[in-house]
1. Please list 3J(HN,Hα) in residue order for region 219-228, calculated via the Karplus relation 6.51 cos²θ - 1.76 cosθ + 1.60 where θ = phi - 60°; whole Hz, with x for glycine and proline.
2. Step through the residues of region 87-92 one at a time and calculate ³J(HN,Hα) from phi using the Karplus curve (6.51 cos²θ - 1.76 cosθ + 1.60, θ = phi - 60°), rounding each to whole Hz and writing x for Gly and Pro.
3. Taking amide H positions as placed 1.01 Å from N in the peptide plane, with prolines and chain starts having none, which residues 5 or more places from Glu131, or on another chain, fall under 5 Å of its amide H?
4. I'd like the Kirkwood hydrodynamic radius of region 71-227, using the inverse of the mean 1/r over distinct C-alpha pairs, in Å.
5. For Phe46, project a label point 7 Å along Cα to C-beta. Then give me every residue of region 72-106 with its amide nitrogen under 14 Å of that point.
6. Quick one: Karplus J couplings for region 144-160, per residue in order, coefficients 6.51, -1.76, 1.60, θ = phi - 60°, nearest Hz, x for Gly and Pro?
7. Of Lys105/Lys154; Lys71/Lys138; Lys138/Lys194, which pairs sit farther than 28 Å apart, going by alpha carbon to alpha carbon?
8. Quote the charge dipole size of the chain about the Cα centre in Debye, to the nearest 20; the model charges only the Cβ of Lys and Arg (+1) and of Asp and Glu (-1).
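Derivation of every value follows stated rules applied to the coordinates shown; laboratory data play no part. The structure displayed is predicted, hence computed values, not measured ones. For neighbour counting, all protein chains shown are included, and Cβ atoms are generated from backbone atoms with ideal geometry for every residue, glycine included.
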Amino acid sequence: MRLPIIAGNWKMYKTIEETIEFVTSLRGLLKDVPDDKVEIVICPPFVNLQAAASVIKGSNIKLGAQNLFPKQEGAYTGEVSPLMLRSVGCSYVIIGHSERREYFKETNEFINEKVKVAIEYGITPIMCVGEKLEEREKGLTFDVVKDHVVNGLKGISKDKVQHVVIAYEPVWAIGTGKTATPQQAEEVQKYIRKLLSEMYDEQTAQTIRIQYGGSVKPENIKELMACENIDGALVGGASLKADSFEQIVKFYK
Ligand code: 13P
């Protein structure tokens, strides 16, 4: 059985003051969520990680970052290393989000490097994959997703890949209010699992968690989570409000 994982990607939202207030209220709202029902992760911006870490200490909420630079340290102005993320208390890191692929021109090769380094430092990578609208319309969804998955995981062994979380985020569904239907999401996520079984083996593929992301809300989380190959959600906008994130986390109720 794969443990569902709900992660909030805050993107570039919230100051330190807002972070402390928000996470304090979230901690209270989520305190009864059992560890064996769902894993809860929040991914604030870098500068808010420490504040968030102190508020969630001893709770059932885990900390993730939204990016890393794949070196331990060095002359890389403006970047943040996996060692730094680990020391602030991150156990997760989002890698290869479509916004980074689009605005910062991140390639599969760079993403692959980051995924490997995250694993090396004991930080679970949440590797994002997904097609743009024009790619879907041209019938290229599976090709694009295959390219992201195969190249993003290049050189990662069977025992290590089990620590990776994959997030299927169709770009056309991000921040648009246009969620993929559960059938559309399941179709691609089933394909990703099949691909993983070809790249590794069936047993390994069955252990890897695949999240869905793109306009996830309290209103659609239940039907998405009912799909066989959807093991959680990567939530943007709806993770910024305590009540909506609470309802998403408590999808099982
Ligand atoms: P929204 O939930 O705001 O559509 O964002 C999804 C996303 O990009 C999560 O990483």
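1. Computed from phi, the couplings for region 219-228 are 6, 10, 5, 4, 5, 5, 5, 6, 6, 4 Hz.
2. 6, 8, x, 7, 10, 10
3. Here the answer is Val171, since their amide H atoms fall under 5 Å of that of Glu131.
4. Mean inverse Cα-Cα distance, inverted, gives 16.2 Å.
5. Answer for region 72-106: 72-88, 94.
6. Residue by residue, region 144-160 yields 5, 5, 4, 4, 5, 6, 5, 7, x, 9, 3, x, 9, 6, 4, 6, 7 Hz.
7. Details: Lys105/Lys154 19 Å; Lys71/Lys138 38 Å; Lys138/Lys194 22 Å.
The pairs that break the limit, which is 28 Å between Cα atoms, are Lys71/Lys138.
8. With Lys and Arg at +1 and Asp and Glu at -1, about 320 debye.
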